[in-house]
Amino acid sequence: MTAELHTLTGAYALDAVPAEEAAAFERHLRGCPACGQEVRELRETAARLGKALATAPPQRLREATLTRVAHTRQWPPSLARRGGVVKTRVALWGAAAAAVGALVFGLVTTSTDPVQPRPTGVDAVLAAPDASTVKSSERGTTTVVTSRSQGKIVVLAGELPPLAAGKAYQVWLIGASGVHSAGLLAPDGPHRTQPVLADLPGGIDRVGITAEPAGGSPAPTVPAVVMVDLA
């Protein structure tokens with residue numbers, strides 16, 4: 001198999017590979033345990049990130065939809081003519097239903113172009129050809145995805161020890177260039193945090209998580225609760 005197939009793990013995990021290339025990659029997966037494991041890890045990470053970022057639709061969307069339905073005529077008046085009645089109900093009912101459906105999903109389409117938008121943010125890192133995933137089970141579960149081509153890093157942590165009042169978990173990128181803050185881990189439920197997306201400085205080979213004052217610190221003040229070796 002060509003070396004290029006090994007770089008498709010991230011895009012394949014996000015279903016961002018054309019059908020012909022996907023078929024070739026699936027044949028490659030049957031004989032490449034390393035790529036198979038990486039695809040499984042990336043899909044698991046994508047699922048966790050999607051769940052962490054998911055938000056419930058606002059109540060006003062339901063209210064706006066019901067209001068639109070109440071004021072949208074479902075059956076128009078019949079058009080009488082000599083010798084019979086012409087009804088246009090079906091066509092206009094379909095138009096009304098389509099209008100309500102567009103409101104519910106918040107979609108207004110002006111093109112049938114099948115080209116999908118390019119991934120951005122966290123998705124761009126996961127879909128990058130050089131995406132690399134490292135996991136740690138030290139004091140919880142921490143997943144780190146890096147992409148040198150994107151120049152980004154994603155950190156997702158769960159099941160970390162409870163924090164004392166006035167404290168927050170802070171992510172640090174550690175390497176030859178020094179120690180850089182990637183930001184705070186914002187809670188997203190009792191046992192998980194929202195993903196941190198940050199720039200990836202050169203020479204970074206470790207990711208640490210420390211318990212810092214709630215507003216964060218310019219440098220770590222206590223030993224790391226979690227240390228992930230990217231090498």
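Matching residues to (1) open to solvent by 20 Å² or more (accessible area, probe 1.4 Å); (2) part of a strand (DSSP E or B); (3) within 30 Å of A11 (Cβ to Cβ); (4) modelled with pLDDT under 90:
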position: R139; (1), (2), (3), (4): yes, no, no, yes
position: V145; (1), (2), (3), (4): no, yes, yes, no
position: Q150; (1), (2), (3), (4): yes, no, yes, no
position: V155; (1), (2), (3), (4): no, yes, yes, no
position: A165; (1), (2), (3), (4): yes, no, no, no
position: A168; (1), (2), (3), (4): no, yes, no, no
position: V171; (1), (2), (3), (4): no, yes, yes, no
position: I174; (1), (2), (3), (4): yes, yes, yes, no
position: H180; (1), (2), (3), (4): yes, yes, yes, no
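You will find that of A224, A211, the residue that is over 23 Å from E38 (Cβ atoms), open to solvent by 20 Å² or more (accessible area, probe 1.4 Å) and in contact with a Lys or Arg (Cβ under 6 Å, 6 or more places away or on another chain) is A211 and no other.
Whether any residue in the range 101-117 is part of a strand (DSSP E or B) and modelled with pLDDT under 85 is what I want to check.
no
The test for being closer than 18 Å to E44 by Cβ and out of contact with any helix residue (DSSP H, G or I) (no Cβ under 8 Å at 6 or more places or on another chain) holds for S132.
Determine whether G208 is out of contact with any Cys (no Cβ under 9 Å at 6 or more places or on another chain) and assigned to a loop (DSSP other than H, G, I, E, B). Spelling it out, it is not the case that G208 is out of contact with any Cys (no Cβ under 9 Å at 6 or more places or on another chain) and assigned to a loop (DSSP other than H, G, I, E, B). In summary, V125 fulfils each of the numbered conditions (1) under 30 Å from H6 (Cα atoms); (2) open to solvent by 60 Å² or more (accessible area, probe 1.4 Å); (3) not in a strand (DSSP E or B) with the single exception of condition (2). Residue count for the range 8-27 under the criterion of being of a type in the set (S, T, Y) and out of contact with any Asp or Glu (no Cβ under 7 Å at 6 or more places or on another chain): the result is 1. The set of residues in the range 187-208 that are open to solvent by 40 Å² or more (accessible area, probe 1.4 Å) and among the hydrophobic types (A, V, I, L, M, F, W, C) contains only L197. For first residues located in the range 201-226 and touching a residue at least 60 places away in the same chain (Cβ under 8 Å) and closer than 16 Å to P162 by Cα, partners that are of a type in the set (S, T, Y) and surrounded by 12 or more Cβ atoms within 10 Å (Cβ to Cβ) and lie 6+ apart or on another chain with Cβ distances below 6 Å form the pairs I209/Y169; V226/T142. Selection of the range 13-43 for residues being free of Cβ contacts under 8 Å to residues at least 40 places away in the same chain and either under 20 Å from K135 (Cα atoms) or open to solvent by less than 20 Å² (accessible area, probe 1.4 Å) (or both) yields A22, F25, H28, C32, P33, A34, C35, G36, Q37, V39, R40, R43.
The values are calculated or read from the model by the stated rules, or taken from the named source; none is laboratory data. Treat the numbers as computed from the prediction; the structure is a model and nothing was measured. Cβ coordinates were reconstructed from backbone atoms using ideal geometry, including for glycine residues, and neighbour counts include every protein chain displayed. SASA here: full protein model, heavy atoms, side chains in, ligands and nucleic acids out. Shrake-Rupley method; radii C 1.70, N 1.55, O 1.52, S 1.80 Å.
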